[in-house]
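A quick write-up on the structure given underneath.
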């Protein structure tokens, strides 16, 4: 694979490479591609597909009601509360 194509892939993946990484990235990328290509040569004739390994039975716990904290109790450990609600810093601009 051409070095130009490798850098196009890095750009599409939104990778910001340092000068040192620019030197090593193409070789590392090609090593990964080569390794994946080698996986295609592995004989998997007698290996069941992964989805067959999923356990059919799941164990669920009983859904039992429990006593809940009162609003005032829940707010006791809050750094800030107002009108019965938690007050948190705004994260959306």
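What follows is calculated from the coordinates using simple rules that are stated; it is not laboratory data. Note that the structure is predicted; figures quoted are calculated from it, not measured. Don't worry about glycine lacking a Cβ; one is built from the backbone with ideal geometry, like all the others, and counts go over all protein chains shown.
Structure data summary
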read-out: Scattering curve values for the chain, log₁₀ I(q)/I(0), Debye with Cα scatterers, q = 0.14 Å⁻¹; value: -0.79
read-out: Rounded to 10°, Cα long-axis angle of helix 3-12 versus longest principal axis of the chain; value: 10
read-out: Label-point separation, residue 17 to residue 66 (7 Å along Cα→Cβ), nm; value: 5.2
read-out: Efficiency of FRET between residue 24 and residue 92 - r from beta-carbon atoms, R0 25 angstrom, step 0.05; value: 0.05
read-out: Gaussian network model of the chain, Cα within-10 Å springs - most flexible of 64, 24, 44; value: 64
read-out: Packing-based exposure ordering (other Cβ within 10 Å, fewest first) of 88, 6, 33; value: 88, 33, 6
read-out: Sequence of 85, 29 once ranked by neighbouring C-beta atoms within 10 Å, starting from the fewest; value: 85, 29
read-out: Expected 222 nm ellipticity per residue - DSSP helices of 4 or more, -39500 (n - 2.57), all of the chain, to 500; value: -12000 deg cm²/dmol
